[in-house]
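Notes to accompany the following structure.
Bear in mind that the values in this text are calculations on the coordinates, not laboratory data. Computed from a predicted structure; not experimentally measured. Cβ placement follows ideal geometry from the backbone for every residue including glycine, while neighbour counts extend to all protein chains displayed.
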Amino acid sequence: MPEVFVNGAQLCVPDEVTVAAAVALAGETAFRHSVTGEPRGPLCGMGICFECRVTIDGVPHARSCQTLVQSGMDIRTT
Amino acid sequence: MPSRSFDAVVVGAGIVGAACAEELARCGLSVAICESAIVGGGATAAGMGHLTVMDDSEEQFALTRYSQLLWRNLSNELPPDAEFLPCGTVWIAADAEEMAEVHRKYEFYAARGVCAEVLDSRQLVEAEPNLRAGLAGGLLVAGDSVCYPPCVAHYLIAKAVQHGALLFQPARVTEIIVSGVRLTDGSLIESKIVVLATGAAARELIPDLPIRPRQGHLLITDRYPALVRHQLIELGYLKSAHAVDSDSVAFNIQPRATGQLLIGSSRQFASDDIGVEPSMLTQMLQRAAEYIPRLPQLSAIRAWTGHRAATPDKLPLIGPCVNRPNVYLATGHEGLGISTSLATARLLADQILDRKPEIPIKPYLPQRSFVHYA
C-alpha cells in the first residue's frame, strides 16, 4: 500500500487509487477554493470539470481524479 | 429619434476607435461610433495588451513613448477590470550577441530619458527565478505595463458617450461616401469626417490601403501567481519579428492581474482562416518552454488567433486618406495597437482640430511613400 501525504499528514492508501480517492480518504472535503472563495471538489470524476484540482508535488492545478497515487506523493488542497 | 448627422463618425470600436471617439467627443465634436460586432471584440481582444516603449525606429519610439505618458495618466482612472499592471518588461539576452543588444538598447533608452537597468546573468535569475539557467542577462524597463484591452475600450467608449457621443451597435458600415457612411440596412449616418479604425479589416472599405493582416497565436494558462513577475520578451524577437515576410515565433510572456500567464507570440501572413494552427501553436510553446522549463507542466485554458494590421514600414497610418479628403485613417498598428492607441487618438484629433501635435506627425501620415518597401 503506497504512502502519500495529504496536506502534510501521512496516509496509507490502496494500490492504484486516484489522488481524488486519497484526498477523500484523508477526510478532506474541500479540494480547492474558487476565485470567490467557495469550496470545490470532484464533480464529474472524468477529467472534464476541473473542479477537483489539487497541488501535487508542488505543481498546482493537477486534476486529482485523473492522477493515480504514487508512493511519497505530496498532495495539497488549496 | 436621435439626429443622424455628426461632425465625425468613427468606424470600429476597438481600442484605437474608442480612443479616437473619446478624444474627439471630449474636444467638443459631435461623434457617432459604428461597431459591427462588440466593443473591443476584434484584434483588441485578441492581442496581449502590452504598453511598451519600443526602439525599432526613432518614429516608433516617439509614438510609443508619447503614448506611454498618456497611459500613465489614464491608468489613474481606469476601473479594476482594465487590469492595469505596471509589471515592467525584461528583454532577455540568451547569449553574448544578444547581451550586446541589451547594452545598445540601454544606451538608446538612457539617451532619451527612459529608465532602464541592465541585468547580468545572476540579477536576471533573481528577477525571474523560473527562467532557464545560463541566460546572459537582460534589460529591465520598469515603466512598461500590461492591461486588459477590451475593458479599456469599453471604458473609453463609455467616456465618449458621457461627452455626447452616440454608439451605433451592431452597425456594420458597408460603404464610405462623401456625406458619411452607409450601413448594411442601406441607411445613412451623415458626417463631415469619417475615422476608419477597423484594424486589418480597413481594406474592406478602402481596398488599396497598404495593410496586410498578420496573424498571431496566443495562449492563456490557468492561475499560477508569481511564476513570472515581469513581461518577458526574448531579444531574439528582434530577429524574428523583423523578418517581415516569413513565419516566425518568439518568446513573449506576461503575468496577468488574475495570476494567469499569457503566452506568445507568432507572426505569419496567413489566410483568412482564423483557426488555431496546431503546428504554429506547438512551435510557439516550444520556444516559450526553452525559456521557462516549467511551462509544459502548466494547464492551458484557451488558445486563439488574431490579425494585426501590418504596414510595409511597421508604422501606423494616422491622418487623412490619400484621395479621400473626408476620411481619416487610424489603423496599421501591427502589434502595437494597444500601446499606441492613446497617442494615435491625440495625433488624429490634432489634425482634425488643427492643433499643434506634441510629436512630429509626418512619419505616420498615410500619404508617405511606401514605394521603397515594395
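Structure values in brief
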quantity: Label point distance in nm, residue B:27-residue A:68, each placed 7 Å from Cα along Cα→Cβ; calculated: 6.9 nm
quantity: Spin-label model distance (nm) - residue B:95 vs residue A:57, 7 Å beyond Cα toward Cβ; calculated: 3.3 nm
quantity: Placed amide H near residue B:318: partners under 5 Å, 5+ positions off or other chain; calculated: B:365
quantity: Förster radius 51 Å - calculated FRET efficiency between residue B:123 and residue B:169, Cβ distance, rounded to 0.05; calculated: 0.55
quantity: Calculated FRET value between residue A:9 and residue B:187, using beta carbons and R₀ = 51 Å, to 0.05; calculated: 0.15
quantity: Reach of residue B:314 by Cα under 19 Å, taken over aspartates and glutamates that are not fewer than 8 positions away in the same chain; calculated: B:55, B:56, B:58, B:59, B:208, B:245, B:247, B:334
quantity: Length-normalised contact order of chain A in % [C-alpha pairs under 8 Å, at least 6 apart]; calculated: 38 percent
quantity: Neighbour-count order for B:106, B:148, fewest beta carbons within 10 angstrom listed first; calculated: B:106, B:148
quantity: 3J(HN,Hα) from dihedral phi, the range B:38-51, Karplus parametrisation 6.51/-1.76/1.60, rounded to Hz, x for glycine, proline; calculated: 10, 4, x, x, x, 4, 4, 7, 7, x, 8, x, 8, 10
quantity: Under-5 Å amide H pairs with residue B:137, H placed in peptide plane, nonlocal only; calculated: B:93
quantity: Per-residue mean of C-beta atoms belonging to partner chains within 10 Å, peptide A:57-66; calculated: 3
quantity: Local electrostatic count at residue B:200 - Lys and Arg +1, Asp and Glu -1, tallied over other residues with Cβ under 10 Å; calculated: +2
quantity: Peptide ranges A:31-41, B:349-359 listed from the most packed, as the mean C-beta count within 10 angstrom indicates; calculated: B:349-359, A:31-41
quantity: Residue B:115-residue A:38 pseudo-label distance in nm [points 7 Å out on the Cα-to-Cβ vector]; calculated: 4.2 nm
quantity: Top of B:56, B:185, B:120 by mean-square fluctuation, Gaussian network on chain B, Cα under 10 Å; calculated: B:185
quantity: Extension gain from residue B:282 to residue B:370, taking 0.36 nm per residue of separation minus the Cα-Cα distance; calculated: 28.2 nm
quantity: Signed unit charges on C-beta, dipole axis of the protein assembly as shown, positive-most listed residue B:140, B:199, B:360; calculated: B:360
quantity: Helix-only CD estimate at 222 nm, as mean residue ellipticity for chain B, using -39500 (n - 2.57) per DSSP H run (n ≥ 4); calculated: -9000 deg cm²/dmol
quantity: Percent RCO, i.e. relative contact order, over the range B:204-355, from Cα pairs under 8 Å lying at least 6 residues apart; calculated: 25 percent
quantity: Chymotrypsin sites (Phe, Trp or Tyr not before Pro) within the range B:1-67: DSSP coil, no more than 13 neighbouring Cβ in 10 Å; calculated: none
quantity: Förster-model FRET efficiency, 22 Å R0, residue B:258 and residue A:48, C-beta, rounded to 0.05; calculated: 0.50
quantity: Residue-count net charge about residue B:174 - beta-carbon cut-off 13 Å; Lys, Arg +1, Asp, Glu -1; calculated: -1
quantity: Interchain or long-range residues, amide H under 5 Å from residue B:167's placed H; calculated: B:33
quantity: Contact order relative to length of chain B, as percent, for alpha carbon pairs under 8 angstrom and 6 or more apart; calculated: 23 percent
quantity: Cβ-based exposure ranking for B:20, A:49, B:115, B:87, in which fewest neighbours within 10 Å come first; calculated: B:115, A:49, B:87, B:20
quantity: Residue-count net charge about residue B:104 - beta-carbon cut-off 12 Å; Lys, Arg +1, Asp, Glu -1; calculated: -4
